[in-house]
Amino acid sequence: MSLGMPDAVTSVLTTALDGLATRQNVIADNIANVDTPGFRARSVDFETSLSAALQRGVMPASGIAPVTQATNAPAGADGNNVDLRQESLSAVQSQFQYQMMSRAVSDHFALVTTAAGSF
């Protein structure tokens with residue numbers, strides 16, 4: 001492994017962090033538009049493409065991107081379909097997942113540093 005070239009674990013964790021950050025931004029946008037007539041809530045999926053890439057043995061850094069799409073939630077009378085309770089729950093869950101991935105990155109780098117010190 002050359003310097004500057006991420007290993008597979010780092011690549012997976014970085015891809016997950018990017019996907020979660022995108023999800024957090026989309027959730028924040030949904031919440032900000034809870035009262036905007038006609039606004040359609042969006043969701044983010046990166047897990048499907050990341051999982052497929054891992055099953056194929058493809059390094060995730062090679063172009064895995066989060067997919068953002070409109071949700072199918074029913075709209076109210078004003079055409080807005082943002083469910084504030086669901087978005088709030090999703091925000092908490094996404095924040096927790098981001099913290100867990102950040103911790104995994106930190107732990108991975110500590111392990112790599114320890115292993116590198118052994119040589």
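Where a number appears in this text, it was derived from the coordinates with a stated rule and is not lab data. Computed from a prediction, not measured in an experiment: that's the story for all the values here. When we count neighbours, we look across all protein chains shown, and the Cβ atoms used for this are built from the backbone with ideal geometry, even at glycine.
Overview of values
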{"item": "11 Å beta-carbon shell around PHE39, net charge (K/R +1, D/E -1)", "result": "-1"}
{"item": "Net +/- balance of residues flanking PRO66 in space, Cβ distance below 13 Å, scoring K and R +1, D and E -1", "result": "-1"}
{"item": "The stretch 1-104, relative contact order in percent, only Cα pairs under 8 angstrom and at least six apart counted", "result": "37 percent"}
{"item": "Amide proton proximity set for ALA41, modelled H, under 5 Å, gap of 5+", "result": "THR71, ASN81, VAL82"}
{"item": "Computed label-point distance, nm, for sites ALA110 and ALA32 using a 7 Å Cα→Cβ extension", "result": "3.5 nm"}
{"item": "Stokes-Einstein D (µm²/s) once Rh is taken as the Kirkwood radius of the stretch 8-117 over alpha-carbon pairs, at 25 °C in 0.890 mPa s", "result": "159 µm²/s"}
